[in-house]
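I have placed the structure first, in the form of structure tokens, so that the comments after it can refer back to it.
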Amino acid sequence: MTEKPDESRPSVSRLRRFVKLTTGDPFAMAGVAIYLLFALTAIFADQIATYNPLDILFLPDGKVAANRSPDGQFWLGTTNLGRDVFSQLVYGARSALMVGLSAAVMVVVVGTLVGLFSGYFGGWVDAVLMRLGDVALSIPFLPFIIVLAAFLKPNVWNVVIGVSALLWPNTGRIVRSQVLTLRERSYVEAAKVSGASHLQILFTHIAPNVLPISFLYGSIVIGWAIFTEASVSFLGFGPSDSVSWGFMLQDAFVSQALSRGAYYWFVPSGLCIMLVVTAGFFISRGYEELLFPKLRD
Amino acid sequence: MRFLAARLAHSIFVLLAVVTLMFLMFRLMPGDPMAAYISEALSDESRQSIRAQFGLDLPLWQQYFIYLANVCQGELGMSFFLKEPVWDIVMAALPVTLALTFSGLVLAYLFGVIAGAFLAWRRGSLVEGISIPIVLATRAAPEFWVGMILLSVFAFSLGWFPSGGAASPGSMYTSEWQRLLSLDFLHHLVLPVVTLALYLQGLPLLLMRSTMLDVMHEEYVTMARMKGLSTKRVVLNHAARNAMLPVATAFTLSLGQLVGGNVVIEMVFSWPGLGRILVQAVSASDYPLAQGAFLLVAFALISMNFVADLFYAVLDPRVSHDRKA
């Protein structure tokens with residue numbers, strides 16, 4: 001949240017309330033702490049991981065260290081090909097963070113722009129953009145991303161593109177409804193009278209006020225994108241050269257880890273996905289109370 | 001009536017847009033859809049004649065209208081690999097998917113509605129404080145991961161349930177209904193349904209809780225309290241009944257989303273439904289089948305959105321029927 005200090009008052013007080021709320025609400029605090037923990041793991045993955053996540057490891061006697069249960073050397077055991085599960089988990093945080101953040105940024109940017117133009121200009125601009133949004137929301141989510149992945153080369157960006165192509169209307173609609181009330185405010189009228197251009201009004205007077213709600217939707221998208229990436233990788237449409245939590249789960253699933261009861265292999269990565277997505281929910285819950293004060297009693 | 005017509009027109013527009021998008025995706029994306037169908041060994045001439053046979057030599061707009069007319073008649077082409085009409089394949093998979101989706105939804109909503117009403121009633125208690133984060137966590141856990149754990153524990157370790165599929169090898173039935181109601185089928189259904197319900201119950205639970213909290217402050221609830229009715233009767237007869245409306249809408253919407261949204265659960269449990277067919281068709285570059293499965297899934301989603309709209313308009317007289325589209 002980097003907002004310029006010279007912005008109109010409502011957003012500044014909102015920002016202050018946001019900070020206050022985050023430090024006051026144990027849920028939001030927990031959410032932020034989880035995000036920070038995973039972000040740090042992603043940044044320092046090279047230092048934290050004990051092995052290269054895709055290296056095939058050997059025991060001192062020259063045998064491949066396959067299907068090892070957790071011990072002092074392999075903290076979370078090894079896969080059937082002798083790869084270190086703990087190191088994969090650590091590097092998985094990196095791809096999760098990348099997918100989550102890029103999808104969130106794209107959804108926030110596209111959704112906010114659409115909402116701003118749609119709400120401010122109205123008329124045919126509004127009609128076209130909103131109908132486009134209706135169509136995007138009527139496309140089956142996961143099937144669309146699977147079909148997309150089938151045409152494009154297996155790549156992390158498929159998920160980012162798919163998620164942003166289908167999820168921007170949620171942000172767009174809510175931003176639009178905010179803009180509809182904001183454009184009638186007296187300070188916007190004042191700016192118009194003093195000769196400000198449409199774009200000036202939109203970006204310096206209206207946009208800062210809708211950013212908090214855009215960020216709320218963005219924080220939900222982070223979790224959704226990570227969740228979706230895991231599903232797509234699990235179905236076998238993910239890239240095979242980078243390690244993600246979904247890739248680990250797919251690897252475990254197709255390598256009979258279930259029948260061998262190798263819980264150490266597939267439980268931790270699922271837990272990580274669950275923690276990150278839950279963190280997003282916790283943060284947005286705090287935001288929700290901020291944005292819809294009626295719920296607070 | 002005008003509201004109905006407007007919503008119907010809107011649904012048809014959206015459906016047409018999705019069908020068009022699919023056409024463009026399958027025709028304009030890199031990679032020749034015929035590559036898997038026409039053998040490399042054929043001469044150029046015979047390849048051209050096969051292309052002409054499929055109408056691929058026509059201009060794109062002409063292909064588009066032929067495609068539209070075919071889709072309207074349920075004519076979705078032949079699967080490249082199964083060599084059967086796509087319509088027959090997807091229609092055979094639909095009841096299998098619906099059996100899973102419907103049982104999962106009913107279980108999830110029964111539990112969610114009751115638990116949600118209970119949590120709204122006990123607002124501020126320790127139970128509520130503990131339950132909400134747990135419910136949020138179940139919404140955040142990938143369904144296929146939950147399925148993997150259930151499979152590992154209940155199918156592989158304990159051996160209580162089969163490890164996948166929808167029927168034991170060799171079972172034969174005289175009719176579709178007999179198959180769907182057989183004990184063997186239900187035995188195979190348990191783990192996928194529990195996995196699905198576990199994921200789904202969070203939405204009705206949280207929805208029921210928050211609408212209950214809203215409804216509790218409405219005048220008619222205050223009125224009922226003033227009449228001296230017991231808390232239990234107020235909660236059950238007055239608040240809960242009206243809080244059910246958004247839950248019923250959510251149920252309809254979820255039904256539409258899940259016909260195609262079950263993909264990962266169907267894959268984990270090798271459940272021979274529509275989602276699994278879509279994934280297999282996509283992996284095998286079986287374009288007609290992938291396209292047909294996708295269209296059916298999209299149709300389910302859009303028509304259920306329409307039904308949910310109607311539901312809302314019929315059940316809640318406060319929805320203004322002449323709102324602008």
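The values are calculated or read from the model by the stated rules, or taken from the named source; none is laboratory data. On a predicted model such as this, the values are computed, not experimentally measured, just so you know. As a convention, Cβ positions derive from the backbone with ideal geometry for all residues, glycine included, and neighbour counts pool all protein chains shown.
Return the pair list, or none, for Cβ contacts closer than 6 Å from residues in the range B:10-21 that are facing chain A (nearest Cβ under 9 Å) to residues that are polar (S, T, N, Q) and part of a helix (DSSP H, G or I), at least 6 apart or on different chains.
none
Mind listing whichever residues of the range B:125-138 are facing another protein chain (nearest Cβ under 7 Å) and either touching a residue at least 24 places away in the same chain (Cβ under 8 Å) or in contact with a Leu (Cβ under 8 Å, 6 or more places away or on another chain) (or both)?
Hit for the range B:125-138 is B:Leu136, nothing else.
Scan the range A:40-49 for residues that are outside any helix (DSSP H, G or I) and modelled with pLDDT of 75 or more and jot them down.
Result: A:Phe44, single match.
Out of the residues in the range A:240-254 meeting the condition of being within 19 Å of B:Met267 (Cβ to Cβ) and surrounded by fewer than 18 Cβ atoms within 10 Å (Cβ to Cβ), tell me which one is nearest to the other protein chains (Cβ to nearest Cβ).
Taking the candidates together, the pick is A:Val254.
If a residue has to be surrounded by 22 or more Cβ atoms within 10 Å (Cβ to Cβ), over 25 Å from B:Leu258 (Cα atoms) and either among the charged types (D, E, K, R) or within 14 Å of another protein chain (Cβ to nearest Cβ) (or both) to count, how many in the range A:140-177 make the cut?
Qualifying residue count, the range A:140-177: 1.
Name the pairs: first residue in the range B:102-117 and touching a residue at least 12 places away in the same chain (Cβ under 8 Å), second residue among the aromatic types (Phe, Trp, Tyr) and crowded, with 22+ Cβ neighbours inside 10 Å, Cβ to Cβ under 6 Å, at least 6 apart or on different chains?
B:Tyr109/B:Phe251
Does A:Leu180 satisfy being in a helix (DSSP H, G or I), within 15 Å of A:Tyr120 (Cβ to Cβ) and within 14 Å of chain B (Cβ to nearest Cβ)?
Here the answer is yes, as A:Leu180 does meet what is asked.
For the range B:63-96, enumerate the residues that are assigned to a helix (DSSP H, G or I) and more than 19 Å from B:Val19 (Cα to Cα).
Matches in the range B:63-96: B:Asp88, B:Ile89, B:Ala92, B:Ala93, B:Leu94, B:Pro95, B:Val96.
A:Val267 fails exactly one of the following numbered conditions: (1) in a helix (DSSP H, G or I); (2) surrounded by fewer than 23 Cβ atoms within 10 Å (Cβ to Cβ); (3) more than 8 Å from chain B (Cβ to nearest Cβ). What is the number of that condition?
(3)
Considering only residues that are part of a helix (DSSP H, G or I), within 10 Å of another protein chain (Cβ to nearest Cβ) and small (Gly, Ala, Ser), which ones fall in the range B:276-309?
Selection gives B:Ala281, B:Ser283, B:Ala290, B:Ala293, B:Ala298, B:Ala300.
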